[in-house]
Amino acid sequence: MKIGEALREVRLNLGLSQAKMCEGIVQRPFYALVESGKSGIRAESLIMLLIKHEVDINYFYNLVMDSYVTSETQIDRMLQNKMEYAVNSKNIKSINYYKNKIIRSSSDEILKLRAQVTAAYFNNQLDDINDEICQKIYKEFDKENWIKSPALLRLLANTMPLWKHEILSSRIKHLLHTVQRKKVESELMLERYVRKIC
């Protein structure tokens, strides 16, 4: 749903009138236009509304994200979710099915690499991963800001068994050093970093 629709849903769930929802932040007639999709809202005002009413930003993000991504990204996200479900349920037949579907349907090279390695792992075929795939994986980590990419953090987690010990150790040390240097004070942010590599 769009931002206005999501705000309306949040407001109704909170049992608030439009006037109470936007009080002290924006004028009610303007807010009504936002909810109806006839006007946009500044990011600062949106954040103020969410904070004022203690709306979890991740919850709000999940409400609106599909409206603001390409259909290609939606398909990739759906395939990734199906693959994760298959992995969590250890359904090797589904893992192989979604690996093939990802390879055929996705334009996301990182997702393709993750799917190939995941399927090889569950089929006890990690030794069969060829050098070309390994080189593609290593090349992704030559980028300067790989630590800031959730997709690359997930790729690192999925491909750890393929890395030479010294190189993997170096990557993990670099990641931990960066997290420490940035002084990640929020437990939530630290948890997110750790979750990506575990």
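The values are calculated or read from the model by the stated rules, or taken from the named source; none is laboratory data. It should be emphasised that the depicted structure is a prediction, and the values quoted were computed from it without experimental measurement. Backbone-built Cβ (ideal geometry, glycine too); neighbour counts: all protein chains shown.
Using the structure shown, decide if residue 71 is over 30 Å from residue 21 (Cβ atoms) and among the polar types (S, T, N, Q). Taking the combined requirement at face value, the residue satisfies it. For the range 1-82, no helices (runs of 4 or more DSSP H) sit wholly inside it while including 2 or more residues that are at pLDDT below 95 and touching a strand residue (DSSP E or B) at 6+ places or on another chain (Cβ under 8 Å). Would you confirm whether or not the range 80-99 contains a residue that is under 30 Å from residue 12 (Cβ atoms) and within 21 Å of the chain's Cα centre (by Cα)? Yes, the range 80-99 contains at least one residue that is under 30 Å from residue 12 (Cβ atoms) and within 21 Å of the chain's Cα centre (by Cα).
Residue selection: residue 115 fails the criterion of being over 20 Å from residue 162 (Cβ atoms), at pLDDT 90 or above, within 19 Å of the chain's Cα centre (by Cα) and crowded, with 16+ Cβ neighbours inside 10 Å. Somewhere in the range 21-36, is a residue under 22 Å from the mean Cα position of the chain (by Cα) and over 25 Å from residue 101 (Cα atoms)? No: zero hits. The number of residues in the range 83-110 being touching a residue at least 40 places away in the same chain (Cβ under 8 Å) and outside any loop (DSSP other than H, G, I, E, B) comes to 1.
Count of the range 132-185 residues, restricted to those that are surrounded by 12 or more Cβ atoms within 10 Å (Cβ to Cβ) and either in contact (Cβ under 8 Å) with a residue 60 or more places away in the chain or polar (S, T, N, Q) (or both), is 5.
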